[in-house]
Amino acid sequence: MKPTSLEIDRILQILPHRWPFVLVDRVTALVPGERAEAIKCVSMGEPWFQGHFPARPIMPGVLIVEALAQTGCVLAYASEPFDASSSLMYFLGIEKAKFRRPVTPGDRLDLQVEIVHHRTNVWKFRGEASVEGTLCASAELLASVVDRTG
């Protein structure tokens, strides 16, 4: 199966997040049921850099993990579409998270997520974030598709 890509307008139809919390700029490869690759262009204009840290701006690790989770959400949607107007994907857990290199303004964060396990509405993903081929962070993520009203 040939991988497909998604631009930001389609990503915004899937994810409930909006600026400044949309952390996926483009999906560059998407193989439903298997894996997704995406990018986040890190800019000095991001609001967290005012305080993290003013003299040495570093993207918070928790936001790198969130970018991986958002990529996982797009992958889950592509694999088993749900009505994004009535359902949300909730983050349930993080395992084996490791941070190896800081991510700074001007970096292009490359995000790779693969499905480890899927049963009913629960998904487990393995994700890696890198800059110019150097691993910055990795984690296993657990998420669930739930009704927006619940």
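Values in this text are rule-based calculations from the coordinates and carry no lab data. This one's a predicted model, so the numbers in the text were calculated from it and none came from an experiment. Cβ: placed from backbone, ideal geometry, glycine included. Neighbour counts: every protein chain shown.
Looking across the stretch 45-59, not a single residue is among the aromatic types (Phe, Trp, Tyr), without any contact (Cβ under 8 Å) to a residue 12 or more places away in the chain and surrounded by 14 or more Cβ atoms within 10 Å (Cβ to Cβ).
Just to verify a result, which residue in the stretch 86-103, among those that are touching a residue at least 40 places away in the same chain (Cβ under 8 Å) and assigned to a loop (DSSP other than H, G, I, E, B), is nearest to Lys40 (Cα to Cα)? So that I can check it myself, show each step before the final result.
Going residue by residue through the stretch 86-103, those that are touching a residue at least 40 places away in the same chain (Cβ under 8 Å) are 86-98, 102-103.
Those still in the list that are assigned to a loop (DSSP other than H, G, I, E, B) too: 86, 102-103.
Numbers: Ser86: 26, Pro102: 14, Val103: 11 Å.
Among those residues, the one meeting the criterion is Val103.
This table checks each residue for (1) of a type in the set (Asp, Glu); (2) out of contact with any helix residue (DSSP H, G or I) (no Cβ under 7 Å at 6 or more places or on another chain); (3) assigned to a helix (DSSP H, G or I); (4) closer than 24 Å to Lys124 by Cβ.
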position	(1), (2), (3), (4)
Lys40	no, no, no, yes
His52	no, yes, no, no
Val62	no, yes, yes, yes
Val65	no, yes, yes, yes
Leu68	no, yes, yes, yes
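Here's the yes/no breakdown for (1) touching a strand residue (DSSP E or B) at 6+ places or on another chain (Cβ under 8 Å); (2) of a type outside the set (A, V, I, L, M, F, W, C); (3) without any contact (Cβ under 8 Å) to a residue 24 or more places away in the chain; (4) crowded, with 16+ Cβ neighbours inside 10 Å:
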{"position": "Pro16", "(1), (2), (3), (4)": "yes, yes, no, no"}
{"position": "Lys40", "(1), (2), (3), (4)": "yes, yes, no, yes"}
{"position": "Ser43", "(1), (2), (3), (4)": "no, yes, no, no"}
{"position": "Gly61", "(1), (2), (3), (4)": "yes, yes, no, yes"}
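In the stretch 18-36, of all residues being surrounded by 20 or more Cβ atoms within 10 Å (Cβ to Cβ) and out of contact with any Gly (no Cβ under 9 Å at 6 or more places or on another chain), the one that is nearest to Ser79 (Cα to Cα) corresponds to Leu30.
Scanning the stretch 82-91 for residues that are over 14 Å from the mean Cα position of the chain (by Cα) and surrounded by 14 or more Cβ atoms within 10 Å (Cβ to Cβ) returns Phe82, Ala84, Ser87, Leu88. For the stretch 104-118, residues that are part of a strand (DSSP E or B), out of contact with any Gly (no Cβ under 9 Å at 6 or more places or on another chain) and either within 22 Å of Ser144 (Cβ to Cβ) or among the hydroxyl-bearing types (Ser, Thr, Tyr) (or both) total 2.
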